[in-house]
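A.B. asks: Just passing along the structure, written as structure tokens.
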């Protein structure tokens, strides 16, 4: 089975986002993969993404949560229809709301692991929850 990132399956038009676009060279270029019922993104922050020396910036965390959850929702919608991400007709998503709860400072010297789950699916709305872990410690939820 192919293990290609969700973001690498979208058509060209959807690949320039600063958070998740594979064609945005200055962007974060996150990658999301399904692991059972969870969609997981592992991202290694650079030192300049700090808010304070050795601690991650909340805005970067919120951006990754947003992009990872949006890709999770869009991918799940494609899967629910029994088709591959990026196939026609496209299923487009946009963030309706974003709430982030920061639980503890997030270290920059270890990979950040975002774990997202679909919570609810309605006709025009999908609710996704996501937690950010560094090692085994939960640092943020959204």
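A.B. asks: Can you give the convex hull volume per residue for the Cα atoms of the chain, as a whole number of Å³? Spell out each step's value before the answer.
C.D. replies: Details: hull volume 16.0 nm³, N = 142.
Given the Cα convex hull of the chain, per-residue volume reads 113 Å³.
A.B. asks: As a check on your grasp of the helix formula, calculate [θ] at 222 nm for the chain: sum -39500 (n - 2.57) over DSSP H runs of n ≥ 4, divide by the residue count, round to the nearest 500.
C.D. replies: Taken over the chain, the calculation gives -5500 deg cm²/dmol.
A.B. asks: Show me the ranking of peptides 15-27, 90-102 by mean Cβ neighbours inside 10 Å, starting with the highest.
C.D. replies: Per-residue mean Cβ counts within 10 Å order the peptides as 15-27, 90-102.
A.B. asks: While we're looking at this one, here's another question. Going highest first, how would you order 109-118, 32-41 by mean Cβ packing within 10 Å? Numbers along the way, then the final one.
C.D. replies: On the way: 109-118: 18.0, 32-41: 16.2.
So the peptides 109-118, 32-41, ranked by packing, come out 109-118, 32-41.
A.B. asks: Relative contact order (percent) for segment 58-119, with alpha-carbon contacts under 8 angstrom and 6 or more residues of separation?
C.D. replies: It rounds to 46 percent for segment 58-119.
A.B. asks: Related question: Quick one: compute the contact order of the chain, relative version, from alpha carbon pairs under 8 angstrom and 6+ residues apart, as a percent.
C.D. replies: 22
A.B. asks: Helix 58-80: angle to the longest alpha-carbon principal axis of the chain, degrees 0 to 90, nearest 10?
C.D. replies: The answer is roughly 20 degrees.
A.B. asks: Okay, next question. Can you give the relative contact order of segment 7-54 as a percent, counting alpha carbon pairs under 8 Å and 6+ residues apart? Show your work: numbers first, answer last.
C.D. replies: Values: 52 pairs, mean separation 9.8, N = 48.
Once normalised by length, the contact order is 21 percent.
Computed from the coordinates by the stated procedures, all read-outs in this text should not be read as laboratory data. Note that this is a predicted model, so its numbers are computed, not measured. Don't worry about glycine lacking a Cβ; one is built from the backbone with ideal geometry, like all the others, and counts go over all protein chains shown.
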